[in-house]
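Chemist: Below is one structure. I have some questions about it.
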Amino acid sequence: MSDAPKAATSWERVTILGVPMDCVTMTEAVLIADDLVRAGRKGAIFAINPEKIIAASENARLLEAINEAALLIPDGVGAVVAARLGGARTRRRVPGADLMPELCALAANRGYPVFVFGARPEVTPMACRALRDAYPGLKIAGYQNGYLSPADALALPARINDSGARFLFVGLGSPQQELWIHDNLPKLTTVNVCQGVGGTLDVLAGRVKRAPMAWQRSYLEWLYRILREPARIRRFPRLLTFAYRVWKEGVSLDAAPGIKRQ
Ligand code: UDP
């Protein structure tokens, strides 16, 4: 039996307030990542949620980075609801925090080396240890915390190239990670898939708890995060702006895209 996966060739793409989002399932997202490696291409994967959509509609560089990405996963429930309003068939979120472990499982399976970049100095090695424990055989070719000196930052692309990593996970928070990936992916010679993972490294390291499954299933993970980290309430007005603007401006459903080349 061949282990060649079915290629993920087409999927619905919506445009929400000028920001694209790919209505893929988790299985399709993993296939698309695998396709990038097999085809020797290079692409970024970003998570799309209401907060990032509003941020991108106000930040031309972030929008440019998003427009250049290979895959824009439906991370936030508000974005999925908006896509449905626009006529997309999608139902499920593909949270970035769930995709990263799935990609690590794929990497362990196929022998793709991974590089992990981001989070506080004590968190990054803990997250890598957790990944190695969860996915025996996973080759972590290198890691770097997200609080590096300007000199180390300058040297990082060459270090990643020397590591031979095919998957790169960048957890610097948004929009820093999207901008870093946009500026640096062209310099990376071995990386095929580069995912912006936000605070996922803190979750893997056990420093931050994801919402219990019941909250996630009730589409309330965003509320759980605000309750756990009250400072996040600052971000709430963006969610209201999002709901108001989607209601006013609507959502458009585009033709299915292919994988973009970089
Ligand atoms: N971070 C970093 N370098 C920085 C600023 C932030 O590595 O200069 C890390 C931070 O330690 C945390 C992540 O970026 O691990 C941001 O997490 P958050 O949950 O705020 O990200 P979000 O997904 O909400 O953008």
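What follows is calculated from the coordinates using simple rules that are stated; it is not laboratory data. Keep in mind that what you see is a predicted model, and the values were worked out from it rather than measured. All Cβ positions, even for glycine, are placed from backbone atoms using ideal geometry, and neighbour counts span all protein chains on display.
Okay, residues lined up against (1) touching a strand residue (DSSP E or B) at 6+ places or on another chain (Cβ under 7 Å); (2) not hydrophobic (A, V, I, L, M, F, W, C):
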position	(1), (2)
LEU148	no, no
ALA155	no, no
ARG159	yes, yes
GLY171	yes, yes
GLN177	yes, yes
LEU185	yes, no
THR189	no, yes
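Chemist: Out of the residues in segment 154-176 that are over 15 Å from THR124 (Cβ atoms) and either without any contact (Cβ under 8 Å) to a residue 24 or more places away in the chain or part of a helix (DSSP H, G or I) (or both), state the one that is nearest to the ligand (Cβ to nearest atom).
Modeler: If we take residues in segment 154-176 being over 15 Å from THR124 (Cβ atoms) and either without any contact (Cβ under 8 Å) to a residue 24 or more places away in the chain or part of a helix (DSSP H, G or I) (or both), then GLN176 is nearest to the ligand (Cβ to nearest atom).
Chemist: Free of Cβ contacts under 8 Å to residues at least 24 places away in the same chain, of a type in the set (D, E, K, R) and more than 19 Å from GLY198 (Cα to Cα): which single residue out of ARG13, ARG38 fits that description?
Modeler: None of the other options fit; the residue is ARG38.
Chemist: Find the residue count for segment 9-41, including only residues that are under 17 Å from the mean Cα position of the chain (by Cα), more than 12 Å from ASP254 (Cα to Cα) and not in a loop (DSSP other than H, G, I, E, B).
Modeler: The qualifying residues number 12.
Chemist: When you check VAL208 against the structure, is it assigned to a strand (DSSP E or B) and of a type in the set (Val, Ile, Thr), yes or no?
Modeler: Answer is no for this residue.
Okay, residues lined up against (1) under 20 Å from VAL208 (Cβ atoms); (2) buried (at least 17 other Cβ atoms within 10 Å of the Cβ):
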| residue | (1), (2) |
| --- | --- |
| PHE115 | no, yes |
| ARG132 | yes, no |
| PRO136 | no, no |
| ASN145 | yes, yes |
| VAL170 | yes, yes |
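Chemist: What are the residues in segment 180-208 that are within 12 Å of the ligand (Cβ to nearest atom) and surrounded by fewer than 18 Cβ atoms within 10 Å (Cβ to Cβ), if any?
Modeler: The answer is ARG207, VAL208.
Chemist: Additional query: Looking only at segment 74-133, which residues are assigned to a helix (DSSP H, G or I), within 16 Å of the ligand (Cβ to nearest atom) and under 17 Å from SER252 (Cα atoms)?
Modeler: GLY78, ALA79
Chemist: Could you run through segment 92-131 and say how many residues are over 26 Å from LEU148 (Cα atoms) and among the basic types (Lys, Arg)?
Modeler: 3
Chemist: As an exercise: evaluate VAL208 against (1) without any contact (Cβ under 8 Å) to a residue 24 or more places away in the chain; (2) more than 22 Å from ALA127 (Cα to Cα); (3) not basic (Lys, Arg) and give the number of the one condition it does not meet.
Modeler: (2)
Chemist: To continue, here is another question. Identify, please: which residue in segment 213-240 is more than 12 Å from the ligand (Cβ to nearest atom), outside any helix (DSSP H, G or I) and not aromatic (Phe, Trp, Tyr) and is, among those, surrounded by the fewest Cβ atoms within 10 Å (Cβ to Cβ)?
Modeler: Here the answer is SER218.
Chemist: Here is a check on your reading of the model: is ALA39 farther than 18 Å from PRO175 by Cβ and buried (at least 24 other Cβ atoms within 10 Å of the Cβ)?
Modeler: When the stated conditions are applied, ALA39 does not pass them.
Chemist: Which residues, counting only those in segment 180-205, are assigned to a loop (DSSP other than H, G, I, E, B), in contact with a Phe, Trp or Tyr (Cβ under 8 Å, 6 or more places away or on another chain) and within 19 Å of GLU51 (Cα to Cα)?
Modeler: Selection gives VAL197 alone.
Chemist: Sort out which residues of segment 63-87 are crowded, with 21+ Cβ neighbours inside 10 Å and either aliphatic (A, V, I, L, M) or on the phi > 0 side of the Ramachandran plot (or both), and write them in order of number.
Modeler: Of everything in segment 63-87, those that are crowded, with 21+ Cβ neighbours inside 10 Å and either aliphatic (A, V, I, L, M) or on the phi > 0 side of the Ramachandran plot (or both) turn out to be ALA65, ILE66, ALA69, ALA70, LEU71, LEU72, ILE73, ALA79, VAL80, ALA82, ALA83.
Chemist: Using the structure shown, decide if VAL94 is buried (at least 20 other Cβ atoms within 10 Å of the Cβ), in contact with a Pro (Cβ under 9 Å, 6 or more places away or on another chain) and touching a residue at least 40 places away in the same chain (Cβ under 8 Å).
Modeler: yes
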